[in-house]
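Structure record follows, encoded as structure tokens.
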Amino acid sequence: MISSLSLSSTFASSELLNRKSPIPRLNLPAQFPNRNALKHLDRFFSINKPLHISSVDNLSLPVKSFGRSTECRAYEADSRRLQINVELPEEQAGQKLKIGLYFATWWALNVVFNVYNKKVLNAFPYPWLTSTLSLAAGSLMMLVSWATRMVDAPKTDLDFWKSLLPVAVAHTIGHVAATVSMSKVAVSFTHIIKSGEPAFSVLVSRFLLGEMFPLPVYLSLIPIIGGCALSALTELNFNMTGFMGAMISNLAFVFRNIFSKKGMKGKSVSGMNYYACLSMLSLLILTPFAIAVEGPKLWAEGFQQALSQIGPNFIWWLVAQSMFYHLYNQVSYMSLDQISPLTFSVGNTMKRIFVIVSSIIIFRTPVRPINAIGAAIAILGTFLYSQAKLQPQGVRGFSLALNYVYYISTGRRVPR
């Protein structure tokens, strides 16, 4: 005789079991007296909430005795459920396709922005106004999206804007400095120098924040610094203002990332809306400085001169560079919501290569072989940094590959 029997469901998930399912039938003899009475019971049972049978009397019946009845008392089990997230192969393929589209769109928009931005700066050398228009266009686009309910407006409070303020200051400095750099030197050179941002990140974190890193991280800085230095020394159209603008941009964006990590803890704002708020606050910060540095008088003279040289197309260039600046940054923040920091860092490295090669082809920038080697070394160092910083086993694998190359090239036997 079994005095008690406990039945529980192993899988009870709102995702997997969203409908009632019958409990397994008991294998009872055909002559069991209440067998027909049990047929209609299964439709009333569901394993969304498992049941426990508290007691079963006289479950073991004599072979020839059917006079006893079975009494079952059931009570509802604990409502806790095991959440099971199953990612099907089709969903994995869809996610990879989505990330691929994000990356392709991000890189393409970045190239288009750099092309139009350089065209505008060649005809209208006022980077402070150009930077302001870029932020203004993005802010206007997001305000319209919120007003028309195309995008849900973020729920923010005073604490959110306080935490965003240092991020916006650093973002404003970095944006203006990069635009100043591109107004003085080739787009490819600016992006080669900007590939040295990881070196600034490590140095600032080490000496100002006291953060320690593994040895491979420090070793990855050698090709970054060396490659950037080699490219700078061999640049045909080197300009100190352009070089310093790219360096200041690197430093400012490092502080932007640090402030962003500290300020966004516990916040639930999507990447698109976060960048929109960042653009609006940066616009408020930048506008008075742009007026003080350049001023409406210079802008009016430069605008008339650009129209006389380029024609009405200059207006389209100005609108395009402003819109595409916001769009490529918005897509990059949206992709960061979908992927890991390691994947984002690798994508950012590949973006540099895409922009550098595209700008050299479009603007027919003369490049020396030694300059190209320096750029390749710097970008390789940036890739190694991303591996060492976010996935140490990647550097160990790279080091192992170098060891194999060393032993094979020297004719030595590879140790087991």
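Over every pair of different alpha-carbon atoms in region 89-170, take the mean of 1/r and invert it; report that Kirkwood radius in Å.
On the way: mean 1/r = 0.0613 Å⁻¹.
Averaging 1/r across every pair of different Cα atoms and inverting gives 16.3 Å.
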In sequence order, calculated HN-Hα J values of region 200-211 (Karplus, 6.51, -1.76, 1.60; Hz; x Gly/Pro): 5, 4, 5, 5, 5, 5, 6, 8, 9, 9, x, 7
Total formal charge among the other residues, if their Cβ is under 14 angstrom from that of R364, Lys/Arg +1 and Asp/Glu -1: +2
³J(HN,Hα) computed for each position of region 383-388 - Karplus, 6.51 cos²θ - 1.76 cosθ + 1.60, integer Hz, glycine/proline x: 5, 5, 4, 4, 5, 5
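Classify region 104-248: rounded, prolate or oblate, from the alpha-carbon gyration tensor (a ≥ b ≥ c, eigenvalue square roots; a/c under 1.5 rounded; otherwise prolate if a/b is larger than b/c)? Don't skip to the answer; put the middle values down first.
Working: a/c = 2.17, a/b = 1.24, b/c = 1.74.
Oblate.
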Label-zone membership for region 98-136, site S308, 7 angstrom Cα→C-beta point, backbone N under 16 Å: 123-125
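Report the FRET efficiency, 1/(1 + (r/R0)^6), for K297 and L143, where r is their Cβ-Cβ distance and R0 is 30 Å, rounded to 0.05.
Efficiency at R0 = 30 Å is approximately 0.55.
Computing the accessible area with a 1.4 Å probe over protein heavy atoms, can you report the carbon and sulfur percentage for region 132-180? Please report the intermediate quantities before stating the final value.
Details: 1680 of 2460 Å².
About 68 percent, which is the carbon plus sulfur part of the accessible surface.
Run the numbers for T156 and L97: contour at 0.36 nm per residue of separation, minus the present Cα-Cα distance, in nm. Could the numbers behind the result be given before it?
Values: separation 59, 0.36 × 59 = 21.24 nm, distance 3.22 nm.
Computed gain between T156 and L97 is 18.0 nm.
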Per-residue HN-Hα couplings for region 305-312 [Karplus 6.51, -1.76, 1.60; θ = phi - 60°; Hz; x = Gly/Pro]: 5, 5, 5, 5, 8, 9, x, x
Inter-label distance, nm, simple model (7 Å from Cα along the C-beta direction), A108/T287: 3.4
Rounded, prolate or oblate (a/c below 1.5 giving rounded, otherwise prolate when a/b exceeds b/c) for region 198-302 by Cα gyration tensor: oblate
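The values are calculated or read from the model by the stated rules, or taken from the named source; none is laboratory data. Computed from a predicted structure; not experimentally measured. As a convention, Cβ positions derive from the backbone with ideal geometry for all residues, glycine included, and neighbour counts pool all protein chains shown. Areas reflect the complete protein model, heavy atoms only, side chains present, ligands, DNA and RNA absent. Shrake-Rupley method; radii C 1.70, N 1.55, O 1.52, S 1.80 Å.
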